[in-house]
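The values are calculated or read from the model by the stated rules, or taken from the named source; none is laboratory data. Since the structure is predicted, the reported quantities are computational estimates derived from the model, not experimental observations. Backbone-built Cβ (ideal geometry, glycine too); neighbour counts: all protein chains shown. Each accessible area value is taken on the protein alone, full model and side chains, heavy atoms only, with ligands, DNA and RNA left out. Shrake-Rupley method; radii C 1.70, N 1.55, O 1.52, S 1.80 Å.
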Amino acid sequence: MPRSAVFTALLLAPLALPAQAPTAPAQLGGFDFSIRNIMRGPELYGRTPGRVRWTADGRWIHFDWNPPGTDWREPLHPYRVRASAGARPERLTAAQADSLAPLVADGPLSPDRTTRVVAANGDIYLVRLAGGPPQRLTQTVAAESNPSWSADGRTVYFTREGNAYGVTIADGAVRQVTDIRVGPAPVDSARATGQRGRLEAQQRELFDAIRDRVATDSVTRAERRAREAAGLQTIYIAPTERVTSIDVSPSGRAALVSVGQRDAAARQAEVPQFVTTSGYVENLRPRTKVGDVVSRQRILYVSLPSGRPTPMKLFGDSASGQVAIAGWNADGSRAALFLFPGDHKSRQLVTVGDASPAAQAVETVRDTAWVGGPCSACAGWYDQGRRLWFVSEASGYAQLYSAAAAGGPARPLTQGKWEVLDVALTPDEHEFFLTTSELSPFEEQVYRMPVSGGARTRVTSESGRHAVVPSPDGRWLADVHSFVNRPPDLYLVANAAGATAARLTTSPSAEFLTASWLAPAIVEIPASDGLKVPAHIYRPQDMGAQPNGAAVIFVHGAGYLHNVGNFWSEYPREYLFNQFLARHGYVVLDLDYRASAGYGRDWRTAIYRWMGGRDLQDQVDASRWLTATQGIPGSRVGIYGGSYGGFITLMALFTAQPYFGAGAALRSVTDWAHYNEGYTSAILNRPQDDTLAYRRSSPIYFASGLKSPLLMAHGMVDQNVHYQDIVRLEQRLIELGKTDWWLASYPVEDHGFVRPSSWTDEYTRIFELFERSIARSPAGGR
């Protein structure tokens, strides 16, 4: 059978989907379903409760929020609500929030598990779980942070102005643990010889002032040597370096100091602001471009109490990379570190002891593409510090593993073709709270599991996405939950299977809640390589409309992002706009194309060295599916998206023209050599090392293929994908003599637009593009 016939057969084959409730038609009632109204954004659908945390006694939940209908300009405010069904949120004044901050700040528990040490408002406090006012340990103008306990619970360590300190709880005495200073180390000058030695001797012989100076220098040198021998050794770092973290062992015998270095040779890209308070053009310098010199990190192993530093050669003599310190175990005998070499091809988890800087390997993951996945730097200690848990993509899916602190092979605690998305220990360290996708790629549910592994108990029951914060005693969960057609809200749920959740906030406006919004069905698009690509589908009949013979594909941004599922979209305006399009007769698809999150390592890395390859082919296959199942030809399929979605839109119109009749590319990457280091170099390597990858992945090289109408839109103060990107493409289109394109510029907008007027203008232009380019019966109007 010819390849085309096989593909057509696949297109028409029935699809086996995970169980899902039937799509309910949207009931809009009297809702003003205009572009201007839905682009009000959070004024309409609400703000997600953020920074959720419990008071130490478990009686209150604090969070950042705004009530329904709050003006879009209003920043989030501090709120609290009693941990009780039926309780109502209370807004806190700034003074109240400051005074209560120690009670809700997160921090490690004391060895006897009765007291939490926290940093709040720049000072260190003790907060007892049994209740009572917090005990202040420091009160200084300098900011203190990163508190931790000694193994015996008598001392609290913390960081202040780039150095570690310890405070004895019994008497409040503070001692300095490290002495790190910026500047060159003092050098004892050698006595000159020969002609210069004779001149120096003559100076000493002739002048009292010189003899006094030499004597003073000698005394100072002797005092410094005596001080270093008796106490802390001073560590000197360069002016271009700064201390990024200090982790003191609970044993008090060692500290790990992370030092970051900014390379002065790195060139910062400039982003001009044209609409300014001063009336002058002002430049921002947000980042470098991929392949430029990068910032470096080094780890110093500091022996205590001497303060003697030993540079750790974690990447060999020449290689460099990034280190994530996962922390010391309970007795301070071992610390865990993740090592990420600069080529992105491996991740090593190692431990180091408090008596020696020698690193011991726990696990090494290597990838011919790049190492990543959810929770790629998640790890922690349990079993009184005898075991280490961590998440690894070694099996092809992010799963939970365990290893002994003393060494030995790691063993999996979970297994399956699904992902562990988040991990937390219960306060008694007997169980894990796991957020996973094991029920379905379209669900994020929370489970309890014994620390030894085994059967998991599902704690959350409602379909959708759950992000939970356990109470200090582990009996309750503060759960930010959403469904595909219901924005996130805060709920209280008992830590028990099948428990009923009590809603604590209502974030959407009353106007939003008057409508019954669409829960779009999930279909699976047969791809040309035999796999199936999940997609939301919005159909005109779901919106009570007649088809207009056209379709639109929405391409989510970021690349590595999960947008298809039974949870509230990270693109809420586009979720509403897709329904607006369906109401005007368009069939709309929203794909979790290759490189999206939620589907394991192979899905994630399918774009290695070729962005605009397999990910674009998934959009092409979706267009072909629309032709085969909906009777919509490629010439009447539109495509739109922002950021990575804008990049895919450009590639679609430049290289896959028969399958797309129009496109709107928003805040688009046009040339990957102009994007940032961390994201781009992992996927495409570096431009000076892999010219093929950059050339075949960058739309600017394929602009000559444009034949269908193209709208481009870009914020002029975009500090992520710089406005320069779209200006370079604009010049390329001019030089190629292309005419069927437009550029809409937004002078005050960054990468993520803020002002509703900008959103309204942008999406009105997108709708009008599709109406005049691919729709059979223009509906017109805003």
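A helix-only calculation puts the chain at -6000 deg cm²/dmol for mean residue ellipticity at 222 nm, using -39500 (n - 2.57) for each DSSP H run of at least four residues, averaged over all residues. Please list, in order, the residues from region 237-263 whose amide nitrogen is less than 18 Å from a point placed 7 Å along the Cα→Cβ vector of S320. Counting only backbone N, you get 237-245, 258-263.
Considering only the Cα atoms of region 134-247, their convex hull presents on average a projected area of 11.2 nm². Here E200 sits with roughly 80 square angstrom of accessible surface, probe radius 1.4 Å. If you wrap the Cα atoms of region 269-359 in a convex hull and average its projected area over all directions, you get 10.0 nm².
Note the angle between two axes, namely the Cα long axis of helix 94-104 and the longest principal axis of the Cα atoms of the chain, as a number of degrees from 0 to 90, rounded to the nearest 10. Result, in degrees: 80.
Measuring with a 1.4 angstrom probe and ignoring ligands and nucleic acids, I607 comes out at about 0 Å² accessible.
In terms of Cα atoms, the Rg and Dmax of region 531-607 work out to 13.3, 41 Å. Only lysines eight or more places from K707 in sequence, or on another chain, were considered; those with a Cα closer than 21 Å are K738. Shape class for region 206-297, computed from the alpha carbon gyration tensor (a ≥ b ≥ c): oblate, with a/c not under 1.5 and a/b at or below b/c.
Accessible surface calculations at 1.4 Å, restricted to protein heavy atoms, place region 463-517 at 35 Å² per residue. For S528 and A502, the difference between the fully extended length at 0.36 nm per residue and the C-alpha to C-alpha distance is 4.8 nm. Judged by the ratio a/c of the largest to the smallest principal axis of the C-alpha gyration tensor, region 339-471 counts as oblate, that ratio being 1.5 or greater while a/b is no larger than b/c.
Overall, the chain carries a charge dipole of about 660 debye about its Cα centre when +1 sits on the Cβ of Lys and Arg and -1 on the Cβ of Asp and Glu, all other atoms neutral. Within the accessible area of the chain, what % is carbon and sulfur when the probe is 1.4 Å and the other protein chains stay in place? Within the chain, the accessible surface is 51 percent carbon and sulfur.
When only alpha carbons are used to place a centre, region 439-510 and region 641-664 end up 38 Å from one another. Selection among A209, P250, Q268 by position relative to the dipole of region 174-293 gives P250 as farthest towards the positive end (Cβ unit charges, Cα centre).
At a probe radius of 1.4 angstrom, the accessible area of region 186-345 per residue rounds to 60 square angstrom.
Here, region 25-103 has an Rg and a Dmax of 16.1, 49 Å when only alpha carbons are counted. Looking only at region 379-395, which residues have a backbone nitrogen under 17 Å from a spot 7 Å from the Cα of T457 in the C-beta direction? Those under the cut-off are none; the list is empty. What region 538-660 shows is 23 Å² of accessible area per residue, with the surface traced by a 1.4 Å probe over protein heavy atoms. Taking the longest Cα principal axis of the chain as reference, the axis of helix 208-230 is set at about 70 degrees.
Computed over every Cα-Cα pair of region 603-761 and binned at 5 Å starting from 0, the pair-distance distribution P(r) comes out as 2, 9, 18, 21, 19, 16, 10, 4, 1, 0 percent. Comparing Cα centroids, region 34-95 and region 315-351 end up 38 angstrom apart. Here the spin labels are modelled as points 7 Å beyond Cα on the Cα-Cβ line, and at D106 and L206 they lie 6.9 nm apart. Each of D32 and Q415 was given a label point 7 Å from its Cα along the Cα-to-Cβ line. The distance between the two points is 5.9 nm. Normalise the Debye intensity by I(0) for region 21-179, one equal point scatterer per Cα, no solvent, then take log10 at q = 0.12, 0.13, 0.18 Å⁻¹ and round to two decimals. Values, matching the q order: -0.67, -0.74, -1.09. Seen from every direction in turn and averaged, the convex hull around the alpha carbons of region 425-473 projects onto 3.5 nm². Applying 1/(1 + (r/R0)^6) with r as the Cβ-Cβ distance of W610 and A173 and R0 = 60 angstrom yields a FRET efficiency of 0.45. Value of Rg to Rh for region 243-306, rounded to two decimals, is 1.28; Kirkwood radius and Rg both from alpha-carbon coordinates. Listed by chain and number, the aspartates and glutamates whose alpha-carbon sits under 19 Å from that of K532, ignoring those within fewer than 8 places in the same chain, are E419, E438, E443, E524, D590, D592, D602, D615, D618, D621.
Collect residues whose amide H, placed 1.01 Å from N in the peptide plane, falls under 5 Å from the amide H of E419; neighbours closer than 5 in sequence don't count. Residues meeting the criterion, in which the H sits 1.01 Å from N, are S437, E438.
For region 721-782, the Cα-based Rg and Dmax, in that order, read 14.1, 37 Å. A protection proxy built from the mean count of other Cβ atoms within 10 Å ranks the segments 246-252, 494-500, 600-606, most packed first, as 246-252, 600-606, 494-500. Excluding residues on the same chain fewer than 8 positions from K345, give the lysines whose Cα lies under 26 Å from its Cα. Answer for K345, where 26 Å is the Cα cut-off: K289, K313, K417, listed by chain and number. Compared with the alpha-carbon gap, the fully stretched path from Q657 to A744 is longer by 29.1 nm at 0.36 nm per residue. Counting only the Cα atoms, region 504-570 fills a convex hull of 150 Å³ per residue. Taking 13 Å as the cut-off, the amide N atoms of region 28-52 that come nearer than this to a point 7 Å along the Cα-to-beta-carbon line of L76 belong to 47-52.
Between 0 and 90 degrees, the angle of helix 572-583 with respect to the longest Cα principal axis of the chain falls at about 0 degrees.
Size check on region 593-693: the Cα extents along the three principal axes, sorted descending, read 44, 27, 21 Å. Taking label positions 7 Å along the Cα-Cβ direction at both Q360 and A190, the computed distance is 4.3 nm, reported to one decimal. Of the whole protein surface, V350 contributes about 10 Å² of accessible area at a 1.4 Å probe radius.
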